[in-house]
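These notes are about the structure you will find just below.
Nothing in this text is a laboratory measurement; each read-out follows from the coordinates by a stated rule. The structure presented is a predicted model; accordingly, all values stated were derived computationally and were not measured. Counting neighbours? That spans all protein chains shown, and the Cβs are built from the backbone with ideal geometry, glycine included.
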Amino acid sequence: MGGSDTYLQALEGRLLAQRRVLARLLAHGTASEWQDATDWLADRQILHDGQEDPGAVPAEGMAQELAMAAEFRELAELARRYRGQG
């Protein structure tokens, strides 16, 4: 395994740890905080690229936006599980 593989695995581990911390924080909020957070996350899971079917045809240079939308989905799902709703 090369140095870049080790670096990427370490980076992924750190990101997963941060996702778990954030999801637990979200899951333990009040009902109002929970609703606000899940609404905010839901809005960011969809690319708003002006197409009739947003995100249907990924444009060049959209990798970061697609990755962010996927991360918001992952975070929301994990928070739901921690809250006992998923």
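With the requirement that a residue be surrounded by 11 or more Cβ atoms within 10 Å (Cβ to Cβ) and within 16 Å of residue 81 (Cα to Cα), what does the stretch 1-17 give you?
Once the filter is applied, which keeps residues that are surrounded by 11 or more Cβ atoms within 10 Å (Cβ to Cβ) and within 16 Å of residue 81 (Cα to Cα), the stretch 1-17 yields only 16.
Considering each residue of the stretch 1-30, count those that are farther than 20 Å from residue 70 by Cβ, among the β-branched types (Val, Ile, Thr) and in a helix (DSSP H, G or I), and give that number.
Of the residues in the stretch 1-30, 1 are farther than 20 Å from residue 70 by Cβ, among the β-branched types (Val, Ile, Thr) and in a helix (DSSP H, G or I).
State which residue pairs qualify: first residue surrounded by 12 or more Cβ atoms within 10 Å (Cβ to Cβ) and inside the stretch 18-31, second residue small (Gly, Ala, Ser) in any location, beta carbons under 8 Å apart, and separation of 6 or more residues or different chains.
Once the first residue is surrounded by 12 or more Cβ atoms within 10 Å (Cβ to Cβ) and sits in the stretch 18-31, its partners that are small (Gly, Ala, Ser) give 22/79; 23/79; 24/79; 26/37; 26/79; 27/79; 29/37.
Taking the stretch 23-40 on its own, how many of its residues are among the aromatic types (Phe, Trp, Tyr) and more than 15 Å from residue 82 (Cβ to Cβ)?
Total meeting the criteria: 1.
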